[in-house]
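Quick notes on the structure that follows.
The values are calculated or read from the model by the stated rules, or taken from the named source; none is laboratory data. Predicted model only: the values in this text are computed from it and were never measured. FYI the Cβ positions are ideal-geometry reconstructions off the backbone, even for glycines, and counts take in every protein chain you see.
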Amino acid sequence: MSRRLLFLPTALMLALSPTLVKAGEGRADDYSALAQQETRLATIGYRLTTASAGWCPEVTPQPGWILGDLRQFKPGERAAASGTYGVGDGAFVAAVVPGSPADRAGLTRGTRIAAINGDAIAPSDTGPTIRIDTAIVKLYTIDPTAAWTVTDSAGRLYPMAPAPGCASAFRVELSGAQAAANGILVRVTLKLARSIADDSELAAVVAHELAHNILRHRERLGKDRSAARVRATELEADRLAVWLMADAGYDPAAAVRFWNRHKRPLVRAASHPPRGERIAAIEAEIAAMRAARAAGPARRPPLIDALPPLE
Ligand SMILES: [Zn+2]
């Protein structure tokens, strides 16, 4: 397993784009729905990242959690949100994946994270997600094959077992683009997650966004985001998602079912390939993957080792 640190942690912080403040109705129901979808996304993300750790170019510890912060909510909504997540100022555990290192260490929803490996998560400014992002960046500095620790706000120490996974965190948003990836984070809106009842179809959407991160599309596109180049990255992400899905035990054809049902693109842009083209690319990749894996069960996705230049 290789571990390639492409960025220094400080550069990673800069790569994080500002996150919209969660804007909900402010009812307790909204937050329990949010927490439910966070657990679902955390589980899908944990499965996808850890199952493909063997070929991902960059691997980090995957705790099996989604982190939250009451600062993500508007001031008037924080009281309602704290009913679900607990009170207190600091980054907290919003969702835990059953059986993950976070679960086995005894972390539960609402546990406030004060330090990772003894390094304090300081409230460096008042940004809505700065403390969560600090925690994500700290994970990038930890050897993914080594045990590590979490300290909660009461000083209790949680021993975390190693669980290497493709480098990415996950977050459910109440507003913004339906699904997006910014290099180290995959975001899905609550509305989109709730609209996809089938876990393998949601996994298809998440795997596509995760593939953008693994393939460093944000970095590779740079400032030249011409339609042709963006289309190329979309098809690459569709193709790599097939391997992520299969490794994690999801049916890769769920992506085809999703696109057949979801007629409109998630991002309404002329630069996105037409649905038919995407479905054809996914079906061709499924066939190619099955042939490759029949010849060698541990075959890596060819895209990882021979990335074609973006035209
Ligand atoms: Zn995409």
query = Restricting attention to region 263-270, does a residue exist that is surrounded by 15 or more Cβ atoms within 10 Å (Cβ to Cβ), more than 11 Å from the ligand (Cβ to nearest atom) and at negative phi?
reply = no
The correct count of residues that are within 28 Å of SER175 (Cα to Cα) and either out of contact with any Lys or Arg (no Cβ under 9 Å at 6 or more places or on another chain) or outside the structural domain of GLY155 (by TED's automatic domain parsing) (or both) in region 115-142 is 9
Those residues of region 197-242 which are away from the ligand (no atom under 13 Å from the Cβ) and among the hydrophobic types (A, V, I, L, M, F, W, C) amount to ALA197, LEU202, ALA203, ALA227, ALA228, VAL242
Checked against (1) part of a helix (DSSP H, G or I); (2) within 16 Å of the ligand (Cβ to nearest atom), GLY276 satisfies every condition except (2)
ALA146 vs (1) under 20 Å from the mean Cα position of the chain (by Cα); (2) closer than 23 Å to LEU48 by Cα; (3) away from the ligand (no atom under 16 Å from the Cβ); (4) not β-branched (Val, Ile, Thr): all pass except (1)
Here is a check on your reading of the model: is ASP143 in contact (Cβ under 8 Å) with a residue 60 or more places away in the chain and assigned to a loop (DSSP other than H, G, I, E, B)?
yes
Screening ARG194, ARG156, ARG171, ARG187 for residues that are within 16 Å of the ligand (Cβ to nearest atom) and of a type in the set (D, E, K, R) leaves only ARG187
Note on ASP247: of the conditions (1) crowded, with 20+ Cβ neighbours inside 10 Å; (2) of a type outside the set (Val, Ile, Thr); (3) touching a Phe, Trp or Tyr at 6+ places or on another chain (Cβ under 7 Å), unmet is (3)
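This table checks each residue for (1) surrounded by 20 or more Cβ atoms within 10 Å (Cβ to Cβ); (2) in a helix (DSSP H, G or I); (3) small (Gly, Ala, Ser).
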| site | (1), (2), (3) |
| --- | --- |
| LEU202 | yes, yes, no |
| LEU210 | yes, yes, no |
| ARG218 | no, yes, no |
| LYS223 | no, no, no |
| ALA232 | yes, yes, yes |
| LEU235 | no, yes, no |
| LEU240 | yes, yes, no |
| TRP243 | yes, yes, no |
Within region 155-186, residues surrounded by fewer than 16 Cβ atoms within 10 Å (Cβ to Cβ), part of a loop (DSSP other than H, G, I, E, B) and out of contact with any Lys or Arg (no Cβ under 8 Å at 6 or more places or on another chain) come out as GLY155, ARG156, PRO162
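Yes/no matrix, rows are residues, columns are (1) touching a residue at least 60 places away in the same chain (Cβ under 8 Å); (2) within 23 Å of the chain's Cα centre (by Cα):
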| position | (1), (2) |
| --- | --- |
| HIS217 | no, yes |
| ARG239 | yes, yes |
| ARG257 | no, yes |
| ALA280 | no, no |
| GLU285 | no, yes |
| ASP305 | no, yes |
Here, helices (runs of 4 or more DSSP H) confined to region 1-93 with at least 2 residues that are more than 16 Å from the chain's Cα centre (by Cα) and at pLDDT 55 or above are 28-51, 78-85
Within region 79-122, residues being of a type in the set (Lys, Arg) and surrounded by 18 or more Cβ atoms within 10 Å (Cβ to Cβ) number 2
Kindly evaluate ALA146 against the criterion of being in the same structural domain as SER100 (by TED's automatic domain parsing), closer than 16 Å to VAL59 by Cβ, at pLDDT 95 or above and touching a helix residue (DSSP H, G or I) at 6+ places or on another chain (Cβ under 6 Å). no
Given the conditions (1) in the same structural domain as TYR46 (by TED's automatic domain parsing); (2) of a type in the set (Val, Ile, Thr); (3) farther than 30 Å from PRO309 by Cβ, every one holds for VAL172 apart from (1)
